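Peer 1: I have a structure here, written as structure tokens, and I will follow up with some questions on it.
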Amino acid sequence: MIKPGQLRLRRRHGRGPLTLLSPVILTVIIASLAYATPPELAFSRLLPAAPTLAAAMWPVLPTILLGTVCLLLMIGLSLVFPGLGTWWTAAGIVAVTVAAAYGSHVRLRRERTLFQVRLVADAAQQVVLSPMPRRFGAIEIEALYLAAAAEASIGGDFYEVVDTKYGVRLLIGDVRGKGLPAVGSAAAMVNSFREAAYDEADLVNIARRLEASSTRYNAAFPPEGMMERFATALIAEIPRGGGSIGILNCGHPPPLLLNRGEVRALEPTAPSPLLNLAELIGDHYSIDTFDFAPGDLLLLYTDGVAEARDRDGEFFQVAPWLRRQAPGRPGELLDALHHDLLHYSRGRHDDDIAALAVHWCAAPEPLDGQRDQPV
């Protein structure tokens, strides 16, 4: 299974051996056609296309070498077929090769810059989405993360899990927007939760501290209206000894509980305000308590999961999907979710996606090769 925090559905643009050799293949095809066909067809005039293609994937020196090879081929063809317009075509090859070499240089410089940006994004990912322990005593947890921004590692969705004296506490949320503009707000709330989860005995106080952190962070930026910077969040607590789970839901999609093949949405009895909107609609938070027994599996997710669309624009139905899943570990469930989301949306997603799968194992002994932490 891919480690939590890694991009599951990253858009990959790998270059295979055949792709890298395509400029050479193109050169051979053009030269062969120029040699095997009547001179009137003048396939040799297509030789400048080879270094042009090479500039898109090769370094500068190989691009120049290929252009030189094309120039020599053109000269050789002119010896076999006089009157091909050798000098005009040769001048075109030289001009295109020089331009292709410069284009290759610019591309490589941009790729180096992009590589550095990705390193920074990976570092930011480790700050906002820290590595997830898989087991807290009898509680086994896995995470899935997918950023909507192409080739990004992180976006506006966030999650965290900590083991405290009050029990295992979880946070999952979604900042309005995606990409780098949402990362700072997500980081502010995750860092606030990491502190508050250990200090506060009540989930309501944790929510208020998240609200305060979100408000302070957004106050540092030009005003755009409160509705432009809100975030949904869900805080859950599995107390020591288990048996129940407390949930404080600030406008977030309700988690789904899978119990003996039956799926139940853990809806809040009273709405709690979205983060950064407490001043507007009040800070009246409510906590709901639900049964959580050995063998149960809880799926927490952001709206990017439920809002994935198929070819016809239909939304992904999370509850029916979960009901069809066979009992298993959280990692297996998230692998299936990853696969089915990819298939359902044809690899396209317009919103960040985060999910946590929580399983109360019947046997609390640690799994092989996994870190064990007390509950």
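The values are calculated or read from the model by the stated rules, or taken from the named source; none is laboratory data. All values reported here derive from a predicted model rather than from experimental measurement. Positions of Cβ are backbone-derived with ideal geometry, glycine not excepted, and every protein chain shown enters the neighbour counts.
Peer 1: Within the set of pairs 6+ apart or on separate chains, which have a first residue in segment 295-315 that is at pLDDT 90 or above and assigned to a loop (DSSP other than H, G, I, E, B), a second that is crowded, with 23+ Cβ neighbours inside 10 Å and of a type outside the set (S, T, N, Q), and C-beta atoms under 7 Å apart?
Peer 2: Thr302/Asp157; Thr302/Ile172; Thr302/Asp174; Thr302/Asp352; Thr302/Ile353; Thr302/Ala354
Each row is one residue, and each column tells you yes or no for (1) of a type in the set (Lys, Arg); (2) modelled with pLDDT under 90.
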| site | (1), (2) |
| --- | --- |
| Gln6 | no, yes |
| Arg12 | yes, yes |
| Pro39 | no, yes |
| Phe43 | no, yes |
| Ala55 | no, no |
| Pro59 | no, no |
| Thr63 | no, no |
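Peer 1: Restricting the search to segment 276-285, which residues are surrounded by fewer than 16 Cβ atoms within 10 Å (Cβ to Cβ) and among the small types (Gly, Ala, Ser)?
Peer 2: Scanning segment 276-285 gives a single hit, Gly282.
Peer 1: Right, something else. Can you tell me which residue in segment 241-275 is modelled with the lowest pLDDT, limited to those that are under 20 Å from Val168 (Cα atoms) and exposed (fewer than 14 other Cβ atoms within 10 Å of the Cβ)?
Peer 2: Gly241
Peer 1: Moving on to the next point. Just checking, does segment 57-80 include any residue being assigned by TED's automatic domain parsing to the domain that holds Ile30, surrounded by fewer than 12 Cβ atoms within 10 Å (Cβ to Cβ) and farther than 23 Å from Ser32 by Cβ?
Peer 2: Among the residues of segment 57-80, at least one is assigned by TED's automatic domain parsing to the domain that holds Ile30, surrounded by fewer than 12 Cβ atoms within 10 Å (Cβ to Cβ) and farther than 23 Å from Ser32 by Cβ, which makes the answer yes.
Peer 1: Here is a follow-up. Search segment 188-200 for residues that are modelled with pLDDT of 95 or more and pair each with any residue that is assigned to a helix (DSSP H, G or I) and hydroxyl-bearing (Ser, Thr, Tyr) when their beta-carbon atoms are under 7 Å apart and the residues are at least 6 apart or on different chains.
Peer 2: Final answer for the pair search is none.
Peer 1: OK, next. Applying the selection to segment 330-354, what residues are free of Cβ contacts under 8 Å to residues at least 60 places away in the same chain and touching a Phe, Trp or Tyr at 6+ places or on another chain (Cβ under 9 Å)?
Peer 2: Once the filter is applied, which keeps residues that are free of Cβ contacts under 8 Å to residues at least 60 places away in the same chain and touching a Phe, Trp or Tyr at 6+ places or on another chain (Cβ under 9 Å), segment 330-354 yields Ala336, Asp340, Tyr344, Ser345.
Peer 1: Specify which of the listed residues (Leu119, Leu108) is modelled with pLDDT of 90 or more, more than 30 Å from Leu299 (Cα to Cα) and either surrounded by fewer than 18 Cβ atoms within 10 Å (Cβ to Cβ) or aromatic (Phe, Trp, Tyr) (or both).
Peer 2: Being modelled with pLDDT of 90 or more, more than 30 Å from Leu299 (Cα to Cα) and either surrounded by fewer than 18 Cβ atoms within 10 Å (Cβ to Cβ) or aromatic (Phe, Trp, Tyr) (or both) holds for just one of Leu119, Leu108, which is Leu108.
Peer 1: If you don't mind, there's one more thing I want to ask. Of all residues in segment 316-326, which are outside any loop (DSSP other than H, G, I, E, B) and either in contact with a Lys or Arg (Cβ under 8 Å, 6 or more places away or on another chain) or surrounded by 12 or more Cβ atoms within 10 Å (Cβ to Cβ) (or both)?
Peer 2: Result: Val318, Ala319, Trp321, Leu322, Arg323.
Peer 1: Restricting attention to segment 327-350, which residues are assigned to a loop (DSSP other than H, G, I, E, B), modelled with pLDDT of 75 or more and under 21 Å from the mean Cα position of the chain (by Cα)?
Peer 2: Ser345, Arg346
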